[in-house]
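See below for the structure under consideration.
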Amino acid sequence: MDVQLSVLKYNPETDKEPHFEDFTVEADPMERLLDCLHKIKWQHDSGLALRRSCAHGICGSDAMVINGVNMLACKVLVKDLKQPIRVEPIRGLPVLRDLIVDMEPFFAGYLAVKPWLITDDRQHDPERERIQSPEERERFDDTTKCILCAACTTSCPIFWADKEYVGPAAIVNAHRFIFDSRDDGGAERLEILSSRSGVFKCRTAFNCTAACPRGIKVTQAIQEVKRAALFDSL
Ligand code: SF4
Ligand code: F3S
Ligand code: FES
């Protein structure tokens, strides 16, 4: 079948403004949008800039706005998209070229919450294994699924308006460690997240939960972190 696409293009070296360009490619209804973008690149416009790596919903590099909704291009089938398919870069981050945005502000928010295991050897014998029960592991299971695609943060109206907000992805990754029974950095992270750029900026818009391609209950995780920050309930 013929598939019609309208793709936002922007080359800062030659274009004053971003603009849509139309393409038609031949594709099977069961092919993914990423396959169509590859066909554009290989058959029509070799300069089309986009990020992708795994093509199987794992690396998180091809989040984009598809027909107005944040999705991974490698996970959505052509048959499920209304044509012409409008393809734009994710919102709220500077566009470097075409569908590629500058992810630095996103990763700055992520790193600000110290998304790694923090251990205090004064509290635990470093020579001994730290046992974790299935129930303790279950406590943060949902937030381990994050692939850092930025679909949540770039769908959040608070993040669009206020770049100081660390954003939902950072909070999801803080949650993953705050509620890990082996981690000793919860209080430190909650202090960071109680600051002006932290969890209390969230206005429970739920866009983030709707956008997450991994089905993570993002807003629920944010609420749990808010409660822990307010009531010291670790
Ligand atoms: Fe992507 Fe979901 Fe992680 Fe947000 S929480 S970065 S939407 S995988
Ligand atoms: Fe934004 Fe999600 Fe909160 S969309 S306002 S982080 S619930
Ligand atoms: Fe890796 Fe889509 S290319 S998630």
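The values are calculated or read from the model by the stated rules, or taken from the named source; none is laboratory data. Please read all numbers here as calculations on a predicted model, not as lab measurements. Here the Cβ is made from the backbone with ideal geometry for all residues, glycine too, and neighbour counts use every protein chain on show. Areas reflect the complete protein model, heavy atoms only, side chains present, ligands, DNA and RNA absent. Shrake-Rupley method; radii C 1.70, N 1.55, O 1.52, S 1.80 Å.
Greater than 18 Å separation of Cα atoms is the criterion. Which listed pairs, 82/145; 145/217; 9/163, meet it?
Too far apart for the 18 Å limit: 82/145; 9/163.
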The cysteines in the chain that find no other cysteine Cβ closer than 4.7 Å to their own Cβ are 36, 74, 146, 149, 156, 202, 212
Ordering 226, 163 by the accessible surface of their heavy atoms, 1.4 Å probe, largest first, yields 163, 226
Where a ≥ b ≥ c are root eigenvalues of the Cα gyration tensor, a/c under 1.5 meaning rounded, otherwise prolate if a/b exceeds b/c and oblate otherwise, the stretch 1-109 counts as oblate
The correct pair for the chain, radius of gyration to one decimal and Dmax as a whole number, both in Å and from Cα atoms, is 20.1, 65
Counting only DSSP loop positions in the stretch 1-95, the trypsin sites (Lys or Arg not before Pro) whose Cβ has at most 11 other Cβ atoms within 10 Å are 16, 82
Out of 178, 206, 132 - ranked by how far each Cα lies towards the positive end of the dipole of the chain, with unit charges on the beta-carbon of charged residues - the top one is 206
Rounded to a whole %, the carbon-and-sulfur portion of the accessible area of the chain at a 1.4 Å probe is 51 percent
Per DSSP, the loop-located chymotrypsin sites (Phe, Trp or Tyr not before Pro) within the stretch 59-155 having at most 12 other beta carbons within 10 Å are 116
Rounded to the nearest 10 Å², the 1.4 Å probe accessible area of residue 61 is 40 Å²
For the chain, dividing by residue count, accessible area per residue (probe 1.4 Å) in Å² works out to 52 Å²
So, over other residues within a Cβ distance under 15 Å of residue 2, counting Lys, Arg +1 and Asp, Glu -1, the net charge is -2
